[in-house]
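Chemist: Quick one: the structure is below, and I'll ask about it shortly.
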Amino acid sequence: MKQLICQAVLARLVLLFGLLPWVGSVHAETGADGWLRYAPVASGWDRWRYEALPGFVVALDRSDVVFAAQEELVRGVRGLLGRILREETSTATADSIVLATLDTARKEFPELGKAPELKSEGFWITSIRKNGKNHLLVTGPDDRGVLHGVFALLRRMQAGESIARLNLSESPAAPIRILNHWDNLDGTIERGYAGRSLFWESGKIVSDLGRVRDYARLMASVGINGCSINNVNADARVVTEAYLPEVARVAEVFRNWGVKLYLSLDFASPQKIGGIDSFDPLDPRTVEFWQKTVAEVYRAIPDLGGFVLKADSEGRLGPSQYGRTHADAANVIARALKPHGGVLFYRGFVYDHEMDWHDLSLDRAKAAYDNFKKLDGRFEDNVVVQIKHGPIDFQVREPASPLFGALEKTSQAIELQITQEYTGQQRHLCYLVPMWKETLDFDMEAKGRGTPVKDLVSGKTFNRPSGGYVGVSNVGRDVDWLGSHLALANLYGFGRLAWNPDLSAKDIAEEWTRQTFGNDSQVVDAITDLQMRSWPAYENYTGPLGIGTLTDIIHVHFGPGVESSEHNGWGQWHRSNETGTGMDRTVATGTGYLGQYRPAVAARFESLKTCPEELLLFMHHVPYTHELRSGKTVIQRFYDAHYAGAEEAARFVTDWKKLKGKIDDERYAAVLKAFEFQAGHACVWRDAVNDWFFKKSGISDKKGRVDHHPGRIEAESMVLDGYSAITVTPWETASGGRAIAATATNTPAAASFQFFGKPGWHDVVVQYFDENDGASRFTLLIGGQVMDRWTADDTLPSDAPNGHTSSRHTVHGVMLRRGDEIRIQGVPDGKEAAVVDYVEIKAAD
């Protein structure tokens, strides 16, 4: 009887809630929805908590933003619960979810009572009863607050949290929360790793703005309220009559979601498009040009947020051309913006990229402070100095820029890089929110203790009129937005931190995971854990102890290139020599950079005893034998860290495989492929950096690993047929500095050797180079039998064999006997010469 009753109850639940579609459903997904999947609640039992959710929605305000909020609410509830909210015009007829600004809500509900104190765009979600009807009110001081409240409500539902008797209020920590895109008018993206521009193609705005609309939804859902859509290395034409109607189309899409459009400017525009022979900011003709041009832009886009300006940096023309200051440059545009309520973001990323590297007193890290500290108080109040989180350039670890603590009379915004330029370019998992948190929470002691960066950029510390957060986004047309399903946590995390910098990195990761992959506890725990481990792992196998990402800084910033930052004018030096490593930035003996911090902070950094060891080599030059607090020497810490980081990257693969069957097949396979690449590339990083420092220092690894690889057979030592040995540049990016390349175009070549190791099951690793100028084909044969075939057709960022293109292919579980011939056959294609570095034989797991 009990069994029959249970079956009857279950049958009623199935009919009532449509339970079956939610049970055990794992289907393919593309990632296009991001974290706004609104996947069905996991089980009918969980859905009981939403049983009291009203079936009607009433939008009392009639703005486009409130209608967008209503549309999103209907969409979200339908996806989560399989219920379609009905739209009503009155609260008198039924229980309802009410969307209204505070002024309107008070008129409708005089009994509402005192509202929490809310800033612009803040929201309040509360329950109220009127005339026998129960209402869930989503309100705020403006329509964008209502929209943010709806997204907050849906976020809780996606996480499976109760909304019963909800009384929730939030306000953004800072007024500015915008994204910068480095998109070019031809559709390419500078430092973009996920396809072509969402906005531009062939010199025009794209015809179909559907994808832009989806992006606006994603931005609005985490409280981002602005977006610039063209490169800071700007094309002057973007503010001309030919482009403004096009750009206005994007502004209209953004507007419906409470996101303001911004444009990046070319400071030399008066000369380039204005028909005058000057762009001197104090020239009356330049003043007139900017006033006229800004007015024309606002006629086309009345609610434009403002402009972004990069000047006097990396070859961009700026005020120095005329002996003027950055304040002069900013103010001529800011004054033209004032009547329209616009803001000018002036990038503090100003430095000389042609410095004399021989001069040990020079230091790129000092540039932002040196350029802007003396101008504090001379900027118009609608100018925001946009400061990179660290003083160099988005390295894997940097200290907080001292400029944050130096500007007392100038609004400032922190610039964080979401696109992973120096941190794996979305091919490596590197969750950046913990890194950003360290900067935001760092106490600059600008007014004594208790003045963290997050309070300085919000305007709280010195009571500045505006300030906040800028994220370099560079999403592209790839269906998963950033070229990686897991990298999207960085975009989400930026928005959540900009709204509330007190959130923890782990909580943000968990929140994002629940919305993106569901609420299965194993999935949530595993992905959150992977995200939290990723930045430390990446730092370990690229550049620990504050030395920076030891990448090829001259070109694409992806693979290792240890010496590329030395002996040139770009200033990302680490000053490694035969006896020691690190930049001496002390006041006593170095560049004096540390003196830019407030005295208490500077003193802490100046002393080797109190300097944080994770930043040691950013601030001090020390012998390789310098002993750390752990008792290890610096060089041994380097060796150990690079091995530990590579081992951790390998564990990412193992840990992800445990989720098979719990994640849809499409995303599972895509992430697994990415992790396998990362694990292999982490070994490239490990060997390149360790070999370079071993050669430079002459100090051996105490554990005997560096320059000693059991089971590795160098390709140049094999029997070659149609292959010849080549030297790889830089040398450290190939094992032993050499590899083999096919000698004839489109003609098969082979390399072989005999196996004399211990018989048994083995994994065979082939390290090869996958350039972007061809698609070579490879075949692995053992004893004449084909074990595997693959094609080197990835789109890695180089056309040469080096650390950017070094890749690995592993054939698992091969039975090997003594004397077996192992043969690699390569068929070159185009300019890609089927280059092979080595083969490694490992015991199978």
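Chemist: Given the options Asp529, Asp584, name the one that is modelled with pLDDT of 95 or more, over 23 Å from Ala800 (Cβ atoms) and assigned to a loop (DSSP other than H, G, I, E, B). Show your work before the answer.
Modeler: Working: Asp529 fails: assigned to a loop (DSSP other than H, G, I, E, B).
Exactly one of Asp529, Asp584 is modelled with pLDDT of 95 or more, over 23 Å from Ala800 (Cβ atoms) and assigned to a loop (DSSP other than H, G, I, E, B), namely Asp584.
Chemist: Moving on. Residues in the range 624-631: is at least one in contact (Cβ under 8 Å) with a residue 12 or more places away in the chain, touching a Lys or Arg at 6+ places or on another chain (Cβ under 7 Å) and open to solvent by less than 20 Å² (accessible area, probe 1.4 Å)? I'd like the intermediate steps shown before the answer.
Modeler: Start the filter on the range 624-631 by keeping residues that are in contact (Cβ under 8 Å) with a residue 12 or more places away in the chain, which leaves 624-626, 628-629.
So of that shortlist, the ones also touching a Lys or Arg at 6+ places or on another chain (Cβ under 7 Å) come out as 628.
Remaining after also requiring open to solvent by less than 20 Å² (accessible area, probe 1.4 Å): 628.
There is at least one residue in the range 624-631 that is in contact (Cβ under 8 Å) with a residue 12 or more places away in the chain, touching a Lys or Arg at 6+ places or on another chain (Cβ under 7 Å) and open to solvent by less than 20 Å² (accessible area, probe 1.4 Å).
Chemist: Next question. Out of Asp770, Asp829, Asp794, Asp820, which single residue is touching a Leu at 6+ places or on another chain (Cβ under 6 Å) and at pLDDT 95 or above?
Modeler: On the way: Asp829 fails: touching a Leu at 6+ places or on another chain (Cβ under 6 Å); Asp794 fails: touching a Leu at 6+ places or on another chain (Cβ under 6 Å); Asp820 fails: touching a Leu at 6+ places or on another chain (Cβ under 6 Å).
One residue alone meets the criteria, Asp770.
Chemist: What's the total number of residues in the range 183-220 that are hydroxyl-bearing (Ser, Thr, Tyr), closer than 17 Å to Leu482 by Cα and either open to solvent by 20 Å² or more (accessible area, probe 1.4 Å) or part of a helix (DSSP H, G or I) (or both)?
Modeler: Filtering the range 183-220 for residues hydroxyl-bearing (Ser, Thr, Tyr) gives 188, 193, 197, 202, 207, 215.
Of the ones still in play, those that are also closer than 17 Å to Leu482 by Cα are 188, 193, 197, 215.
Those still in the list that are either open to solvent by 20 Å² or more (accessible area, probe 1.4 Å) or part of a helix (DSSP H, G or I) (or both) too: 188, 193, 215.
Adding up the residues that qualify gives 3.
Chemist: Further, regarding this structure: Would it be correct to say that Val287 is among the β-branched types (Val, Ile, Thr) and open to solvent by 10 Å² or more (accessible area, probe 1.4 Å)?
Modeler: Details: among the β-branched types (Val, Ile, Thr): yes; open to solvent by 10 Å² or more (accessible area, probe 1.4 Å): yes.
Taking the combined requirement at face value, the residue satisfies it.
Chemist: Something else now. Only one residue in Ser171, Ser162 is over 21 Å from the mean Cα position of the chain (by Cα), under 30 Å from Arg347 (Cβ atoms), polar (S, T, N, Q) and open to solvent by 10 Å² or more (accessible area, probe 1.4 Å), so which one is that?
Modeler: Numbers: Ser162 fails: under 30 Å from Arg347 (Cβ atoms).
Result of the check over Ser171, Ser162: Ser171.
Chemist: Considering every residue within the range 246-258, establish whether at least one is over 28 Å from Tyr492 (Cβ atoms) and either open to solvent by less than 50 Å² (accessible area, probe 1.4 Å) or not hydrophobic (A, V, I, L, M, F, W, C) (or both). Talk me through it step by step, then tell me what you get.
Modeler: Quick first cut of the range 246-258, residues over 28 Å from Tyr492 (Cβ atoms) only: 246, 248.
From what is left, the residues that are either open to solvent by less than 50 Å² (accessible area, probe 1.4 Å) or not hydrophobic (A, V, I, L, M, F, W, C) (or both) are 246, 248.
The answer is yes, given that some residue of the range 246-258 is over 28 Å from Tyr492 (Cβ atoms) and either open to solvent by less than 50 Å² (accessible area, probe 1.4 Å) or not hydrophobic (A, V, I, L, M, F, W, C) (or both).
Chemist: Out of (1) open to solvent by 30 Å² or more (accessible area, probe 1.4 Å); (2) of a type in the set (Ser, Thr, Tyr); (3) in contact with a Pro (Cβ under 8 Å, 6 or more places away or on another chain), the odd one out for Ser776 is which?
Modeler: Unmet for Ser776, out of (1) open to solvent by 30 Å² or more (accessible area, probe 1.4 Å); (2) of a type in the set (Ser, Thr, Tyr); (3) in contact with a Pro (Cβ under 8 Å, 6 or more places away or on another chain): (1).
Chemist: A further question follows. Any idea which residue in the range 526-585 is surrounded by the most Cβ atoms within 10 Å (Cβ to Cβ), counting only those that are of a type in the set (Asp, Glu) and over 30 Å from Leu672 (Cβ atoms)? Outline the logic, then answer.
Modeler: First pass over the range 526-585, keeping only residues of a type in the set (Asp, Glu): 529, 539, 552, 563, 566, 578, 584.
In the following step, the residues that additionally are over 30 Å from Leu672 (Cβ atoms) were identified as 563, 566, 578, 584.
On the way: Glu563: 16, Glu566: 15, Glu578: 9, Asp584: 19.
Per the criteria, the residue is Asp584.
Chemist: In the list Ala400, Ala329, Ala413, which residue meets the criterion of being aliphatic (A, V, I, L, M), in a helix (DSSP H, G or I) and either closer than 30 Å to Cys683 by Cβ or touching a residue at least 12 places away in the same chain (Cβ under 8 Å) (or both)?
Modeler: Values: Ala400 fails: in a helix (DSSP H, G or I); Ala413 fails: in a helix (DSSP H, G or I).
Result of the check over Ala400, Ala329, Ala413: Ala329.
Chemist: So Asp794 clears everything in (1) farther than 23 Å from Arg427 by Cα; (2) open to solvent by less than 70 Å² (accessible area, probe 1.4 Å); (3) not aliphatic (A, V, I, L, M) except one condition, right? Which one?
Modeler: Condition not satisfied by Asp794: (1).
Chemist: For Thr423, are the conditions met, namely being open to solvent by less than 10 Å² (accessible area, probe 1.4 Å), outside any loop (DSSP other than H, G, I, E, B) and out of contact with any strand residue (DSSP E or B) (no Cβ under 6 Å at 6 or more places or on another chain)? Working first, answer last.
Modeler: Values: open to solvent by less than 10 Å² (accessible area, probe 1.4 Å): yes; outside any loop (DSSP other than H, G, I, E, B): no; out of contact with any strand residue (DSSP E or B) (no Cβ under 6 Å at 6 or more places or on another chain): yes.
No; evaluated as a whole, the condition is false for this residue.
Chemist: Looking at the range 120-133, which of its residues are polar (S, T, N, Q), within 19 Å of Ala94 (Cβ to Cβ) and either without any contact (Cβ under 8 Å) to a residue 12 or more places away in the chain or surrounded by 11 or more Cβ atoms within 10 Å (Cβ to Cβ) (or both)?
Modeler: Going through the range 120-133, the residues polar (S, T, N, Q) turn out to be 120, 126-127, 131.
Next cut, within 19 Å of Ala94 (Cβ to Cβ) only: 126-127, 131.
Answer for the range 120-133, where residues must be polar (S, T, N, Q), within 19 Å of Ala94 (Cβ to Cβ) and either without any contact (Cβ under 8 Å) to a residue 12 or more places away in the chain or surrounded by 11 or more Cβ atoms within 10 Å (Cβ to Cβ) (or both): Thr126, Ser127.
Chemist: Could you grab the pairs with beta carbons closer than 9 Å, sequence gap of 6+ or different chains, first residue in the range 665-681 and of a type in the set (A, V, I, L, M, F, W, C), second one surrounded by 22 or more Cβ atoms within 10 Å (Cβ to Cβ) and assigned to a helix (DSSP H, G or I)?
Modeler: Partner pairs satisfying both residue conditions: Phe675/Leu530; Phe675/Ala649; Phe675/Phe652; Ala679/Ala646; Ala679/Ala649; Ala679/Phe652.
Chemist: Looking only at the range 348-396, count every residue that is of a type in the set (D, E, K, R), touching an Asp or Glu at 6+ places or on another chain (Cβ under 7 Å) and surrounded by fewer than 21 Cβ atoms within 10 Å (Cβ to Cβ) and tell me the total.
Modeler: Restricting attention to the range 348-396, the residues satisfying the condition of being of a type in the set (D, E, K, R) are 352, 354, 356, 359, 363-364, 366, 370, 373-374, 376, 378, 380-381, 388, 393.
Next, from what is left, pick out any that are touching an Asp or Glu at 6+ places or on another chain (Cβ under 7 Å): 376, 388.
Of the ones still in play, those that are also surrounded by fewer than 21 Cβ atoms within 10 Å (Cβ to Cβ) are 376.
Total satisfying the criteria: 1.
Every residue, every condition in (1) surrounded by fewer than 17 Cβ atoms within 10 Å (Cβ to Cβ); (2) over 30 Å from the mean Cα position of the chain (by Cα); (3) within 24 Å of Pro175 (Cα to Cα); (4) not small (Gly, Ala, Ser), yes or no:
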{"position": "Val294", "(1), (2), (3), (4)": "no, yes, yes, yes"}
{"position": "Gly306", "(1), (2), (3), (4)": "no, no, yes, no"}
{"position": "Gly315", "(1), (2), (3), (4)": "yes, no, no, no"}
{"position": "His340", "(1), (2), (3), (4)": "no, yes, yes, yes"}
{"position": "Tyr346", "(1), (2), (3), (4)": "no, no, yes, yes"}
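Chemist: Mind counting the residues in the range 87-106 that are within 41 Å of the chain's Cα centre (by Cα), of a type in the set (A, V, I, L, M) and closer than 21 Å to Glu51 by Cβ?
Modeler: Summing the residues that are within 41 Å of the chain's Cα centre (by Cα), of a type in the set (A, V, I, L, M) and closer than 21 Å to Glu51 by Cβ in the range 87-106 gives 2.
Chemist: Continuing with this model, one more query. How about the range 80-114: which of its residues are assigned to a loop (DSSP other than H, G, I, E, B) and either crowded, with 19+ Cβ neighbours inside 10 Å or in contact with a helix residue (DSSP H, G or I) (Cβ under 8 Å, 6 or more places away or on another chain) (or both)? Steps first, please.
Modeler: Residues of the range 80-114 assigned to a loop (DSSP other than H, G, I, E, B): 82-85, 89-95, 109, 113-114.
Residues satisfying the conditions are Gly82, Arg83, Ile84, Leu85, Thr91, Phe109.
Chemist: Now for a different question. Please pick out the residue among Glu117, Glu72 that is out of contact with any strand residue (DSSP E or B) (no Cβ under 8 Å at 6 or more places or on another chain), buried (at least 21 other Cβ atoms within 10 Å of the Cβ) and among the charged types (D, E, K, R). Don't jump to the end; show me each part of the working.
Modeler: On the way: Glu117 fails: buried (at least 21 other Cβ atoms within 10 Å of the Cβ).
Being out of contact with any strand residue (DSSP E or B) (no Cβ under 8 Å at 6 or more places or on another chain), buried (at least 21 other Cβ atoms within 10 Å of the Cβ) and among the charged types (D, E, K, R) holds for just one of Glu117, Glu72, which is Glu72.
Chemist: Would you be able to say whether some residue in the range 454-476 is in contact (Cβ under 8 Å) with a residue 60 or more places away in the chain, in a loop (DSSP other than H, G, I, E, B) and over 23 Å from Phe345 (Cβ atoms)?
Modeler: no
Chemist: Can I ask one more? Please specify each residue of the range 646-679 satisfying the condition of being small (Gly, Ala, Ser), buried (at least 21 other Cβ atoms within 10 Å of the Cβ) and closer than 27 Å to Asp701 by Cα.
Modeler: Correct list: Ala646, Ala649, Ala679.
Chemist: Right, something else. Could you list all residues from the range 701-711 that are surrounded by 13 or more Cβ atoms within 10 Å (Cβ to Cβ), more than 19 Å from Val622 (Cβ to Cβ) and not acidic (Asp, Glu)? Let's see the steps before the verdict.
Modeler: Here is the first cut: in the range 701-711, the ones surrounded by 13 or more Cβ atoms within 10 Å (Cβ to Cβ) are 701-702, 705-707, 709, 711.
Subset that is more than 19 Å from Val622 (Cβ to Cβ): 705-707, 709, 711.
Hits for the range 701-711 are Arg705, Val706, His709, Gly711.
Chemist: I'm trying to understand the selection: among the residues of the range 79-114, which are more than 16 Å from Leu153 (Cβ to Cβ) and touching a Phe, Trp or Tyr at 6+ places or on another chain (Cβ under 6 Å)?
Modeler: Arg86, Glu88, Ala94
The values are calculated or read from the model by the stated rules, or taken from the named source; none is laboratory data. Values in this document were obtained by computation on a predicted structure and should not be read as measured data. FYI the Cβ positions are ideal-geometry reconstructions off the backbone, even for glycines, and counts take in every protein chain you see. For accessibility, only protein heavy atoms count, side chains too; no ligands or nucleic acids. Shrake-Rupley method; radii C 1.70, N 1.55, O 1.52, S 1.80 Å.
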